[in-house]
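Read the structure below first, then the notes.
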C-alpha cells in the first residue's frame, strides 16, 4: 500500500512500544552476559568471564556443533529431495498431486509436539522390530553379526529434521515451477537438448530462486526447532535448544547469556548484510530502469553480488566451517562411557581426571528425576551405560530385567563401601549396584521468611505460606510428604491412603500454597530468596547454604525418607568394561572425598565418610561444623526415623502416575 | 516428458509413507492399546479426568491469539503506511528475535518476572509496591507475576506475536491502493474504508496468523514449564510427561495427542471454511 497519509505520533509511539516489548528481554540477556556475578538479576560489575567460560563448556560447544551440523545436513538433503519431489508433483495429474500435497502439508499443519511424538513412536516400534529381527538373524548364522540394540541419536534427529524441512522446500519450489513456461522444456529438446540437459539447463535455472528461498526457510526451521528434536534426538545427542532447556531446569549459568549474545550478534550481522545488499540492488535496479528505460531488459543484468559482499559471505562461510571443525574435534573415536546422573551431582574435575588417566571419554548427562530417567530408558531413547538411580527405581529396573549384573572383580573398590549400604532391600544379593551417595529428604526453609522454625511436614500444606512453597516435582517424593503428614507409611499400597494423600496435595495446590513444582530449579529459587520453603535433599541444602546463610534444614518430626543412589549398568550397554572402570574410579576413597566436598552428599565409602572432617580441616584450615556433618551424614539414630522407599507393585505405580497427572489438572 | 518427470516424486512418496503417514498410524494404534498391547478404550476414558487441562490449554491459547491479533493487526497496518525504508527495517526488527532460539527469550522473561526479579526490583525502587500496600492495606514484598497463567500467556504472546504480524503485513502491503481510492470516491469515510475494504481483504492474512499463533500456543510445554512453574499444566506438558517426563505412559500420551490433533484440525477447518465464506461474500 502506498501514498497513504503518514502515521501520527501516537501510532508510532505504540509501534515503538511493541518493539520495546520484543527487544527488552533480549537486551537484558545481553547486558547480564557481561555481569561479573552469577546472578541473572543482580548486577555485580562488568566482566568478560562468561565468554571465556563458554568456550570451555564442552556441553554447550558440542550442542552448537550438533545444531549446526544437523541443520546444514538436513537443509542440503531436504533441498535436493524437496526440489525433485516438487518437480515430480508438478508433472503429475492434478487430482493425484492435490492428494499428495495434502499429505505433504501434514507436518506443517500439525502441532510440533504431535509430529515429534509420532516420530518417536515410529522409531521405538522400528527399533523393537529390528532387535527381534537382528536377534533372529544372529541366532542362525554367525558370518554377519547385526547390532541388536539401536537407539535414538543423531541419525533419528537428522531424519526428523529432513522430514519437517522438505514440505517447506516443496512449498517454495512448487509455485516457481507453475510460473515456468511449459513449452520451455519442449523447446530445449527440439533444439537438441537431451532429457538430462533440458533438466539441468532449463528447469533448474528457472526455479533457482525458489530453491534458494526454500533452503533458507528449511535452515531457519531447523535452527529454531526445539520440540521435534527433543522427542527424536535421544539422550546422547543434544541440540543447543535442548541444552538450554536442560539448563533452565537446573541452575542457570550466565554462559547462556553469553551464547545468546553471540547468536544475536551473528544473526544481526547476517541480516544487516542481506538487507544492505537488497537495498543497494533495489536502488541500482531503479537507476537502471529510469536510465535505460528498455522494458524487459533489466532482468538479465541484475542479481550480481559486488565483490566485497562475496568476500563477506565467504568469510562467514569459512567461519561456520571453522566452528564446525573446532567444536567437532572432541567427537573422534575414543573409547566412551555414557553416564547419566542428576544435576549438580559430581565434582566435574573427577571426569577430567578419569579421562586423563584412562583415556576413556565420558559422556556425562543428567536426568531430572528417577521417573524421568525411567521414561527415557523405557522409550528406548537412552543409550546410557552407567546410571545412578535411587533405591526404589533400581528395584523396579531389576524387576523389569533392565540392569546388567556387574563383575565385581573389575570393581575392587566395592570392598570399601560401608556394610550398612550394601545388600539393601532393593538389591538383596548385591549383584547389580555400587552405592554412590546416600542422604535424607527434608524441608529447607528460609529463616527470615517464616515466623517460627519448621518442624513438621504440615508446613508443605499450610495455606499460611501460600505462594511461598516449592513442591518437589516428582510423584514419589511429593506423595511421600503427604503420606508422612497424614501418618501413613511411605511405601503404602493402600489406595484409600494414597488418594487421601493426593487430596491433601491437591487442596494445598488449589489454595495456592505452591509457588511452583521444581527439581533442580530449587537452588536458584531458594538461594535468591524467591521462596520460603521447599522440600529437597540434605546434600543440596548444604550447597544452597554456601550461597544463602539464612537457609535451614530439618528432617521433620513425622520421619522421612532416606535414600541410597547407586551406580548400575544398563543391560543394553555397549561399553560394559568402560562402565565398570568408571564405577571403580568413582567408588575410590579419593573420588568419594572430592565428591563429598563438592556436592555435600554423604559417601557410602566407609573410609571417606570417616576421613572427611580431617580432609575438610586440611583443605580449608578450619574445623567442619559438626552440625553440618550430621545433616550430610545422618547419625544412625536419626536415620532410623527414616524409611527407604521400596518398589511398588505395577497397579500402585499406575495409580501414582494417574494421581500425579491429575494433580497438574 | 511430463510422465518421466513425475517419477522424480516416487522416492518422496515412499518417504512420506514411512515418515509422515506411518507415524500417525502408529500413534493411532498406540492410542487404542493398553500397556500389555491389548485393545482398549481406557485411554480415552481416563482422559475425561483431564478435561480441565484441555479447557485451560484452549483458553490460554485463545487469549494469547486474541491479544496477538489485537496488537499485531494495528502494528501491521501502521507499518504498511510507513516509508519503504522504514518498512524494511521494521521487518528485520520483527524477524530478528525469531532467529534467536525461543527458549532463550523465554528464559529472559524468567529473570524479569521472578519475585526478586528485575521488574519487582524496579517496582520497589520507584515505590510502587509500598504505594500499593498503602492503598490496599496489604503487605506485599513483591507482586507475584511468575508462575501464573498471566505469565504463560505473556510468554505465548511474546514468542508468537511475529507469526501474527508477518502474514497480516504481507497481505496488507500488497493491497491495491486504487481500491481504497475508489471506495473514498464513492463516499466512504476512513472507518468505512477500513471496515468494508481493508479488513475483508486482509482476512487471509489474519486467518493464517491465527493458525500460526494458535497451534503452537495450544501445544506448548516449554513456555508453561518455564513461566508457569509446573502449576499451570497445559496439554503439551501432559503429553510430554507421558513420554519423557515423570509419568511414563506412551499409550495415554498417544491418545491425548490424537484428540488434540483432531480438535485442532477441526477448529482450523471450521475457521477456514468460515473465512472462505467471508471472502465469497465480499466478492459478491
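Every number in this text was worked out from the coordinates using simple rules, so none of it is lab data. Because the structure is predicted, anything quoted here is derived from the model rather than measured. No Cβ is skipped: glycine too gets one built from the backbone with ideal geometry, and neighbour counts run over all protein chains shown.
Couple of notes before you dig in:
- Of interest is the spacing of the C-alpha centroids, which for the stretch A:126-189 and the stretch A:487-535 amounts to 46 Å.
- Across chain A, the relative contact order, built from alpha-carbon pairs under 8 Å that are at least six residues apart, equals 15 percent.
- DSSP beta bridge pairing in the protein assembly as shown, given as percent antiparallel to the nearest 5: 60
- Taking 1.306 mPa s as the viscosity and 10 °C as the temperature, the Stokes-Einstein diffusion coefficient of the stretch B:51-283 based on its alpha-carbon Kirkwood radius rounds to 78 µm²/s.
- Cα centroid separation - the stretch B:131-181 against the stretch B:1-68, whole Å: 30
- Evaluated at q = 0.16 Å⁻¹, a Debye calculation over the C-alpha positions of the stretch A:119-263 (equal weights, vacuum) places log10 I(q)/I(0) at -0.93.
- Protection proxy ranking for B:268-274, A:193-199, using the average of other Cβ atoms within 10 Å per residue and placing the highest first: A:193-199, B:268-274.
- Our helix-only sum for chain A, with -39,500 (n - 2.57) per DSSP H run of n ≥ 4 divided by its residues, gives a mean residue ellipticity at 222 nm of -18500 deg cm²/dmol.
- Inter-chain neighbour count for B:18-31: the average number of beta-carbon atoms from partner chains within 10 Å of each residue's beta-carbon is 6.
- Axis angle, to the nearest 10 degrees, between helix A:307-328 and the longest C-alpha principal axis of chain A: 30 degrees.
- Each listed q (0.15, 0.29, 0.30 Å⁻¹) maps to a log10 I(q)/I(0) for the stretch A:493-556 from the Debye sum over equal C-alpha point scatterers, namely -0.58, -1.21, -1.25.
- Highest average packing first - B:6-18, B:125-137, Cβ atoms within 10 Å: B:6-18, B:125-137
- Volume of the convex hull of the stretch A:587-641 (Cα atoms only), normalised per residue: 77 Å³.
- Debye log10 I(q)/I(0) for the stretch B:70-140, one point scatterer per Cα, at q = 0.15, 0.28 Å⁻¹: -0.77, -1.13
- Peptide A:657-663 is shielded by partner chain Cβ atoms: per residue, an average of 6 of them sit within 10 Å of its Cβ.
- Kirkwood Rh in Å, taken over all unlike Cα pairs in the stretch A:160-216: 12.2
- Helical runs assigned H by DSSP (4 residues or longer) give chain B a calculated mean residue ellipticity at 222 nm of -23000 deg cm²/dmol, each run adding -39500 (n - 2.57) before division by the residue total.
- Taken along its principal axes, the alpha carbon cloud of the stretch B:1-64 reaches lengths of 58, 40, 12 Å, longest axis first.
- Degrees between helix A:154-179 axis and first principal axis of chain A (Cα, 0 to 90, nearest 10): 20
- Our summary of shape: the Cα atoms of the protein assembly as shown have principal axis extents of 96, 84, 58 Å, ordered from largest down, in whole angstrom.
- Across chain B, the relative contact order, built from alpha-carbon pairs under 8 Å that are at least six residues apart, equals 27 percent.
- Computed from Cα positions, the angle between helix A:348-358 and the longest principal axis of chain A comes to roughly 80 degrees.
- Alpha carbon centroid spacing (whole Å) that separates the stretch A:3-69 from the stretch A:546-609: 37
- Highest-first packing order for the peptide set A:614-622, B:240-248, B:167-175 is B:240-248, B:167-175, A:614-622, based on the mean count of other beta carbon atoms within 10 Å.
- For the residues of B:215-224, the average number of beta carbons from a partner chain within 10 Å of their own beta carbon is 4.
- Proportion of all alpha-carbon pairs of the stretch A:1-122 beyond 23 Å (%): 68
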